[in-house]
Amino acid sequence: MALDPAFEALDRRFYRYLIHNSHIDHLWQGARWTEGPVYVPAARQLLFSDIPNDRTLRYDELTGDTTVFEQPALNQNGHCLDRQGRVVSCEHRGRAVSRIGHHGLREVLADSFEGKRLNSPNDAVCKSDGSIWFTDPTYGIDSDYEGDKSESELGGQSNVYRIDPDDGSIAAVITDMVRPNGLAFSPDESVLYVADTGMSHVGRACPPVIRAYPVTSDGASVGPESTVFATCDNGAFDGFRADADGNIWTSAADGVHCFAADGTLIGKIHLPEVVANVEFGGLKRNRLYMCATTSLFAVYLNTRAAV
Ligand code: MG
């Protein structure tokens, strides 16, 4: 019995999350850039994006098959599941956040802010109060590769927004980031973590970090005093998830990095391709799915999703 060599423990706390006869599953290959995984428990499926190929894929946990769920797919990127089990999608080409209603049809939740079109929503997270928080960097309009190349009606301003669960209104909750990307709440929803990949546009002026923003007491915004939660030592953080212990499992160029809630990098899962995003799946939410460039990988861990 030996640990899979893909695991690298940098702090002894990492070992408690590893299963000694678990190993990395290479589930599928054939995408151009995988992103945006969301687990749909009722269907035992993982949906994920292949953004440049403009399709959403479906991995079936029971058969092991990966098939096309939707194509064209408005160059969808990030996904999350709302509290009613509906899939929420960030659309580069649609320049919108939408969801698949219970009737199976697309419903637009947000496509503009103060009368201007959004840039290209990238990633979203659903909060327990029913609100949806999403990032809106410019990656889907910077070129024709992942959407339609277009001018930013917001002057390049890349914000984090909140969609109100009651009236559907949209508020800018974070306006001080360069290119906000992945985001997740801590298990108690007192902290909002957001990755900034602004390095792509301003170089070293924007280090590859995850920032931690304190959620205000009404749960509807964040305080201005953010801190650097983590800095990436290989590439940049894109999407990530929190587990039930408050660890952050995040994408990076060399695989997945795991940060304890105190910000310590406690371990890595090394993969042969650049990872863009992760998601906990399986009926016990203890299987980490990893979208890695052309491939989908997974590994069982001794932890589970925060929600
Ligand atoms: Mg992203």
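The values are calculated or read from the model by the stated rules, or taken from the named source; none is laboratory data. Remember, it's a predicted structure, so these values are computed and weren't measured experimentally. Note: ideal-geometry Cβ built from the backbone for every residue, glycine included; neighbour counts use all protein chains shown. Remember, those area values only see protein heavy atoms, side chains included, never the ligands or the DNA or RNA. Shrake-Rupley method; radii C 1.70, N 1.55, O 1.52, S 1.80 Å.
Largest mean-square fluctuation among GLN76, GLN29, GLN84, in a Gaussian network model of the chain whose springs join Cα atoms under 10 Å apart, belongs to GLN84. For the residues GLY255, GLY78, GLY223, a GNM of the chain with alpha-carbon springs under 10 Å puts the largest fluctuation on GLY223.
Peptides 211-221, 187-197 ranked from most to least packed, by the mean per-residue count of other Cβ atoms within 10 Å: 187-197, 211-221.
Give me log10 I(q)/I(0) at q = 0.16, 0.17 Å⁻¹ for segment 259-307, Debye formula, one equal scatterer per alpha-carbon, no solvent. Debye curve over Cα of segment 259-307, log10 I(q)/I(0) at q = 0.16, 0.17 Å⁻¹: -0.50, -0.56. The charge dipole of segment 158-270, taken about its Cα centre with unit charges on the Cβ of Lys, Arg, Asp and Glu (plus for the first two, minus for the last two), comes to roughly 500 debye. Taking every Cα-Cα distance in segment 35-254 and sorting them into 5 Å bins starting at zero, the pair-distance distribution P(r) comes out as 1, 7, 15, 20, 21, 18, 11, 5, 1, 0 percent.
How many Å² of accessible area per residue for segment 35-254, probe 1.4 Å? Accessible surface, normalised per residue, equals 39 Å². Across the chain, Cα pairs under 8 Å and at least six residues apart give a relative contact order of 17 percent. Dipole check for the chain: with +1 at the C-beta of Lys and Arg, -1 at the C-beta of Asp and Glu, and the Cα centre as origin, the magnitude is about 560 Debye. Note on segment 190-307: percent of Cα-Cα distances in each 10 Å bin, starting at 0 and stopping at the bin with the largest distance, equals 14, 43, 33, 9, 0.
When every Cα-Cα distance of segment 132-227 is counted in 10 angstrom steps from zero, the calculated P(r) takes the values 16, 46, 30, 9, 0 percent. Close amide H pairs (under 5 Å, H built 1.01 Å from N) link HIS92 with GLN76, ASN77, residues at least 5 positions away or on another chain.
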